[in-house]
Amino acid sequence: MNKINEIDKRICSFLSAHTNLTLAISENNQPYCANCFYSFAEKKNLLIFKSNFDTIHIAIALRNNKVAGTITPDKLDKTRIQGVQFTGEICQAKGDNLTTAKNSYYKKYPFAIAFAGELWTIELYSIKFTDNKLGFGKKLLWRKEKEH
């Protein structure tokens, strides 16, 4: 079993507290963004969202699974800028990750069970968390340890 390096608790708290991520993908030098409700599975460092195979972002992600994105507070406070920029790899939730995804996503959004779509995970590779509450321009960085 691979050891997952822990993300700073302040970053985890931020990721758990908010609801919307902007997913950025690219194909053939053409960028595309999508907004998605998400949940965060802290023990596995996964962002989870629900989407359909027929969306542009999933169609592209199935051909190029390297993604980036941002998460900002649900309610912005211009005097206390906060936000996350991340990179990772997207895939359809399967096996143990599907169980984790269902538990995390449907706990946060129980109404989503009634809507069509598949659960997707973003395995996080890097995070930059800007939090002016810690000091102007203060950033916390995290990067997944390379597997040996």
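The values are calculated or read from the model by the stated rules, or taken from the named source; none is laboratory data. Keep in mind it's a predicted model, so treat the numbers as computed, not measured. Every residue, glycine as well, gets a Cβ built from its backbone with ideal geometry; the counts of neighbours run over all protein chains shown. Note: accessible area is taken over every heavy atom of the protein model, side chains too, but ligands, DNA and RNA are not part of it. Shrake-Rupley method; radii C 1.70, N 1.55, O 1.52, S 1.80 Å.
Things worth noting here:
- Tilt relative to the chain, helix 95-108 - C-alpha long axis, 0 to 90 degrees, to 10: 60 degrees
- Using θ = phi - 60° and Karplus 6.51 cos²θ - 1.76 cosθ + 1.60, couplings along segment 132-143 (whole Hz; Gly, Pro as x): 5, 5, 8, x, 4, x, 5, 10, 10, 10, 9, 9
- Highest-fluctuation residue, T55, T70, T130 considered, GNM on the chain with Cα pairs under 10 Å: T55
- Ranking by accessible area, most exposed first, for K66, K107 with a 1.4 Å probe: K107, K66
- Ordered by 1.4 Å accessible area with all protein chains kept, D131, D54, D74 run largest first as D54, D74, D131.
- The chain, accessible surface, carbon-and-sulfur percent (1.4 angstrom probe): 53 percent
- Distances between placed amide hydrogens fall under 5 Å for Y125 paired with T87, G88, E89, all partners being 5 or more residues away or on another chain.
- Model label points for A17 and K102, set 7 angstrom from Cα along the Cα-to-Cβ axis, are 3.2 nm apart.
- Cross-link pairs beyond the 30 Å C-alpha cut-off, checked among K94/K138; K75/K139; K102/K138; K108/K144; K66/K138; K107/K128: K94/K138; K102/K138
- Taking all protein chains together and a 1.4 Å probe, the residues F115, F49 rank F115, F49 from largest to smallest accessible area.
- Nearest-20 debye value, the chain charge dipole, Cβ charges on Lys, Arg, Asp, Glu: 480 debye
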